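Colleague: Before I ask anything, here is the structure I am working with.
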Amino acid sequence: MSTVTRAGSKAAAGRAPGRGRPPRSRSRLARRRRRAGILLSLPAIVVVVALLGIPIGQAVYYSMTNWNGLTSTWIGPSTYATALSDPTFWRVLENNALLLLSIPFAIGIPLAIAALLHEHVRGWRFFRSVYFLPTAVSWVVIGMVAVQFFAQQGLLNKLLAGVGLGSLQTNLLAGQYTALLALAITFIWSMLGTNTIIFLTGMATLDPTLIEAARVDGLNRRQIFWRVTFPLLRRFVQFSFVITVISAFSALFSLIFVMTNGGPGFGTTTLEFFVYQSAFSLGEFGTGALYGIILFVIMITVGLVQLRLIRSQDGEGW
């Protein structure tokens with residue numbers, strides 16, 4: 001009896017790792033699955049290469065040429081050295097860097113609004129629709145409204161005159177840094193609806209028993225938010241941060257075109273808008289392609305850094 005039992009246990013032990021399948025057959029099955037996965041992915045890979053890889057390769061080539069849209073003359077990688085030595089290029093990058101200072105406000109203000117709306121204050125449904133409004137409006141319309149608000153005879157100066165602060169009246173769009181400030185304020189407002197909805201969605205997924213337990217422990221609303229709600233919203237804050245940074249680098253063209261057209265001077269010209277100015281205003285399509293490649297590299301770098309930060313917070317590597 002004991003002999004049979006030992007034999008049965010040995011047989012079971014031999015079958016346990018692969019449910020009765022020899023290691024060689026498991027490796028063959030894994031190779032077949034890998035080949036099947038590659039074959040099934042080929043159509044998507046071909047489409048991505050055709051729609052993205054080829055245009056990017058062409059942009060890299062034309063960035064090293066003197067291209068007027070019809071004919072191109074090969075110059076070489078020295079075009080990048082010339083661009084990096086241009087003070088206007090660094091002035092444009094400075095504008096991008098200054099606009100990044102608005103990101104904490106573009107995230108923090110919607111987070112505070114979402115926290116209030118989540119408490120179901122009186123009229124929260126109405127205010128939720130109001131705060132979502134910028135998301136439903138075209139950025140061109142937002143830019144036109146902003147022009148009417150910040151102009152010399154705009155609503156902002158009328159409000160200042162109405163409260164007895166007429167001495168502070170100014171045309172924000174007339175100065176380089178004041179125009180950039182007006183652009184940043186408009187950008188914050190344009191991101192208000194999107195980020196508020198993101199945070200409201202995150203708060204709707206939270207377990208209400210955790211909030212109740214915190215209240216039982218004697219925490220007030222502010223303590224509950226910072227000690228319970230905010231840590232649980234980390235994924236949503238990370239997502240909001242990613243899309244806000246991407247928008248600050250690559251989605252402001254409509255606002256800039258309508259509000260300032262990049263001026264005064266280069267006061268509100270971002271790298272994205274500089275690509276348009278170089279290619280379509282000056283007819284230097286090779287230079288426009290060059291700045292487009294630089295913008296592409298910056299966005300890839302920003303994306304990788306953000307991915308690194310997110311994974312490091314989760315305790316994971318690359």
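Colleague: Projected area of segment 225-287, taken from the Cα convex hull and averaged over every viewing direction, in nm²?
Modeller: If you wrap the Cα atoms of segment 225-287 in a convex hull and average its projections, you get 6.1 nm².
Colleague: Calculate, in nm to one decimal, what I298 and T71 gain on full extension: separation in residues at 0.36 nm each, minus their alpha carbon distance.
Modeller: Value of the extension gain: 78.9 nm.
Colleague: Another question, if that's okay. If you count only protein heavy atoms with a 1.4 Å probe, what accessible area per residue comes out for the chain, rounded to a whole Å²? Numbers along the way, then the final one.
Modeller: On the way: 19170 Å² over 318 residues.
Per residue, the chain has an accessible area of 60 Å².
Colleague: To the nearest Å, what is the center-to-center distance of segment 261-300 and segment 201-240, using C-alpha atoms only?
Modeller: First find each Cα centre; the distance between them is then 42 Å.
Colleague: I'd like to verify something in the chain: which complete DSSP H helices, judged by Cα projection on the helix axis, reach 27 Å or more and average at least 1.0 on the Kyte-Doolittle scale?
Modeller: Values: long enough: 23-48 (37 Å, 0.01); 285-313 (42 Å, 1.46).
Length and hydropathy pass: 285-313.
Colleague: Calculate for the chain the 222 nm mean residue ellipticity that helices alone would give, adding -39,500 (n - 2.57) per DSSP H run of length 4 or more and normalising by residue count, nearest 500 deg cm²/dmol.
Modeller: Dividing the helical sum by the residues of the chain leaves -22000 deg cm²/dmol.
Colleague: Select from segment 235-318 those GluC sites (Glu not before Pro) which occupy a DSSP coil region and have at most 13 other Cβ atoms within 10 Å, ordered by residue number.
Modeller: Answer in residue order: E316.
Colleague: What order, most packed first, do the peptides 119-125, 80-86 have when packing is the mean number of other Cβ atoms within 10 Å of each residue?
Modeller: Output ranking for 119-125, 80-86: 80-86, 119-125.
Colleague: Okay, moving on. Averaged over every viewing direction, what's the projected area of the C-alpha convex hull for segment 201-318? Give it in nm², one decimal, please.
Modeller: Mean orientational projected area (segment 201-318, Cα hull): 10.8 nm².
Colleague: Would you be so kind as to identify which of L100, T178, P55 lies farthest towards the positive end of the dipole of the chain, taking Lys and Arg as +1 and Asp and Glu as -1 on Cβ and the Cα centre as origin?
Modeller: Going by the Cα projections, it comes out as P55.
Colleague: How much length is gained on full extension from T205 to A136, taking 0.36 nm per residue of separation minus their Cα-Cα distance?
Modeller: On the way: separation 69, 0.36 × 69 = 24.84 nm, distance 2.39 nm.
Contour length minus Cα-Cα distance gives 22.4 nm.
Colleague: What is the percent carbon and sulfur in the accessible area of the chain, measuring with a 1.4 Å probe over the protein chains and ignoring ligands?
Modeller: Details: 12810 of 19170 Å².
Accessible surface attributable to carbon and sulfur in the chain totals 67 percent.
Colleague: If you take the charge dipole of segment 171-302 about its Cα centre, with +1 on Lys and Arg Cβ and -1 on Asp and Glu Cβ, which of F241, T260, S278 is farthest toward its positive end?
Modeller: The listed residue farthest towards the positive side: F241.
Colleague: What does the convex hull of the Cα atoms come to per residue for segment 166-221, in Å³? It would help to have the intermediate numbers written out before the result.
Modeller: Details: hull volume 7.8 nm³, N = 56.
Given the Cα convex hull of segment 166-221, per-residue volume reads 140 Å³.
Colleague: Of the listed peptides 184-196, 38-50, 258-270, 234-246, what is their order by residue-averaged count of other C-beta atoms within 10 Å, with the highest listed first?
Modeller: Top to bottom by mean Cβ count within 10 Å: 184-196, 258-270, 234-246, 38-50.
Colleague: To the nearest 20 Debye, how big is the dipole of the chain about its Cα centre, given +1 on the beta carbon of each Lys and Arg and -1 on that of each Asp and Glu?
Modeller: Once rounded to the nearest 20, the dipole reads 2600 debye.
The values are calculated or read from the model by the stated rules, or taken from the named source; none is laboratory data. The structure displayed is predicted, hence computed values, not measured ones. As a convention, Cβ positions derive from the backbone with ideal geometry for all residues, glycine included, and neighbour counts pool all protein chains shown. Side chains are part of the model used for accessible areas, which takes the heavy atoms of the whole protein and leaves out ligands, DNA and RNA. Shrake-Rupley method; radii C 1.70, N 1.55, O 1.52, S 1.80 Å.
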